[in-house]
Amino acid sequence: MSHRLASLVLALVVTAFAATAASARTTAASPLTIYAAASLTQVFKALDPAPNYSFAGSNALETQIRNGAPADIFASAAPLNTQRLYKAGIVDKPVTFTANRLALIVPKSNPAGIRSIYDLRSKPVKLVVAAPAVPVGGYTLTVLRRMGLSGVLSKVVSRESDVKAVTGKVALGQADAGFVYVTDARPVSDQVTVVRIPAWAQPRVRYEIAVVSKSPNKAAARAWITMLQSARGQTALENAGFLPVPKPST
Amino acid sequence: MTRLLSRRRLLGVAAGGVALATVRVPAAPAASDDELAYANFGLAASFLAADYYLRAAESGKLGAGARPKLRSNRAGSLAQARALGDLVTGAGDTPAAAEDFDFAWPTNAFATAANARRTGLAVLRPTLGAYQSAAATVAMPTFRVLYASLGASLGQQIGALAGPAGARLEPFPVAMELEAASAELESYLG
């Protein structure tokens, strides 16, 4: 009898231990939740398919995180979004991890005959851009202002919520031209033609990433960011057309 | 509402030394899109010229005696970049910095003295052309003076690079629209 009781106790202890261990393993192995700029969609998924991703305009993601969305990491296409959350104590100190450039894309059929960004001024075009609060939308305004072409904004037919929506509209021929990152043009290179924007008019496109302060997976989140900054991560970004972060000149 | 730009900042180029009165640049919010476009282009072109002078000096192909002048011209180009950057900043935009550009030079750009001179002229002439257009088209007289001054400086630099036995001096250098000047420099600006 005492032997059966001892066996039962042992079995209960083992079961309880196993359950606890399993629970701990589940917590440790729970995938990261990464909120990232839409322009990072392909490269992040290719680099690491394990995390739960939410891709959208950085401004929308900023709002969601501010409202308590359960993100572990926030990667933004503009420092403005991460820095605002950092100042509010919502994310840890952000780091810059890559850079990008803007391009004008037109459908392969190019019905408006756009060969240069200056053609936007002289030709009737249906132009699609991202909304001003979206990083790529803000950068678009900078390009146009720098080139003295703000007047072409009168030809905008649609303001989209993120860069993928702009790319999609042009690729599907629903617009004659649109401003996107060069990295967004690559995956649809069979559907669009890239019109270069001069280097002197390019905005300073910098991507920042930060651990969300309330994340229950901070160690794993930090490790993921370290991986992104490593040679492996940087190579993946550069292969996707992103640029290394320029070092300040001395 | 006006801000002084010293002669040294505007025309730091050593060669020649144009007797230029102090230029007053109006508070930048008054700057139009066109005026800012020329400023942004000129800013990049100034950084490019500074990089050219640095590489030309380092190549040694223009002679050891030319090095001090080349370095001085580099300082002048950077001074011009600062002046144009101030204009852009005043208009509420963030001016480009030298590190924003990944300047690209042809393989043999500095391989010989002739190549180095040719490269310099290829960079400076479109910039001069753009400044001529700017001087002709921008609305504000003070900006016109600024661009005319920058153009005069570029003219000196082109004359110095062409040399007494070098390229034929043009009595009427051709003004270039910004789009054309930009296209000429695109391969250098990266």
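Between region A:29-55 and region B:71-143, what is the C-alpha centre distance in whole Å? Between the Cα centres of region A:29-55 and region B:71-143 lies a distance of 41 Å.
For B:Gly129, what charge total do you get from the other residues with a beta carbon under 13 Å from its beta carbon, if Lys and Arg give +1 and Asp and Glu give -1? Around B:Gly129, the charge tally is -3. Computing FRET efficiency as 1/(1 + (r/R0)^6) for A:Ala219 and B:Val174, where r is the C-beta to C-beta distance and R0 is 51 Å, gives about 0.20. Magnitude of the charge dipole for region A:123-250, about its Cα centre and with charges confined to Cβ atoms of Lys, Arg (+1) and Asp, Glu (-1), is about 300 debye.
Estimated purely from DSSP H runs of n ≥ 4, each contributing -39500 (n - 2.57), the mean residue ellipticity at 222 nm for chain A is -12000 deg cm²/dmol once divided by its residues. Within a Cβ distance under 11 Å of A:Ile65, other residues only, what is the Lys/Arg minus Asp/Glu net charge? So the environment of A:Ile65 carries a net charge of +1.
Only Lys, Arg, Asp and Glu carry charge here, each on its Cβ (+1 for the first two, -1 for the last two); on that basis chain A has a dipole of about 460 debye about its Cα centre.
How far is the Cα center of region A:191-219 from the Cα center of region A:94-135, in Å? A separation of 16 Å, based on Cα centres.
Dipole of the protein assembly as shown computed with +1 at Lys/Arg Cβ and -1 at Asp/Glu Cβ about the Cα centre; of B:Ala66, B:Gly151, A:Asn52, farthest Cα towards the positive end is B:Ala66.
Applying the Kirkwood pairwise sum to the alpha-carbon positions of region A:29-99 produces a hydrodynamic radius of 12.2 angstrom. Annotation: peptides B:32-38, A:46-52, B:122-128, ranked by per-residue average of other Cβ atoms within 10 Å with the highest first, follow the order B:122-128, B:32-38, A:46-52.
The shape of region A:102-201 comes out rounded: with a ≥ b ≥ c from the C-alpha gyration tensor, a/c is under 1.5. Ligands, DNA and RNA left out, the 1.4 Å accessible surface of region A:102-201 is 53% carbon and sulfur atoms. Averaged over peptide B:92-104, the number of partner chain Cβ atoms lying within 10 Å of each residue's Cβ comes to 4. Non-local lysine pairs in region A:102-201, meaning eight or more places apart or on different chains, with alpha-carbon distances under 18 Å, amount to 9.
Rolling a 1.4 Å probe over the protein heavy atoms gives region A:102-201 an accessible area of 36 Å² per residue. Remark: mean inter-chain Cβ contacts per residue of B:32-38 equal 4, using a 10 Å Cβ-Cβ cutoff to other protein chain atoms. Sites listed here are trypsin sites (Lys or Arg not before Pro) in region A:70-108 whose DSSP assignment is loop and whose Cβ has at most 14 other Cβ atoms within 10 Å: A:Lys108. With the simple model of a label 7 Å out from the Cα in the direction of the Cβ, A:Arg66 to A:Ser109 spans 4.1 nm. Using a ≥ b ≥ c from the Cα gyration tensor of the protein assembly as shown (square roots of the eigenvalues), is it rounded, prolate or oblate, where a/c under 1.5 gives rounded and otherwise the larger of a/b and b/c decides, a/b for prolate? Prolate.
Chain A and chain B together bury an accessible surface of about 1700 square angstrom, both sides counted, with a 1.4 Å probe and no ligands or nucleic acids included.
Could you tell me whether region B:120-190 comes out rounded, prolate or oblate from its Cα gyration tensor? Rule is a ≥ b ≥ c as square roots of the eigenvalues, rounded for a/c under 1.5, then prolate if a/b exceeds b/c, otherwise oblate. Oblate. Using a cut-off of 13 Å between beta-carbons, work out the net charge of the residues near A:Ala165 (Lys and Arg +1, Asp and Glu -1, A:Ala165 not included). Taking every other residue near A:Ala165 into account, the sum is 0. Of the DSSP H helices in chain A, those that are both long (alpha-carbon extent of 24 Å or more along the helix axis) and hydrophobic (Kyte-Doolittle mean at least 0.0) are A:2-29.
The values are calculated or read from the model by the stated rules, or taken from the named source; none is laboratory data. What you see is a predicted model, and the numbers here were worked out from it, not measured in a lab. Backbone-built Cβ (ideal geometry, glycine too); neighbour counts: all protein chains shown. In case anyone asks, the SASA skips ligands and DNA or RNA and just uses the protein heavy atoms, side chains included. Shrake-Rupley method; radii C 1.70, N 1.55, O 1.52, S 1.80 Å.
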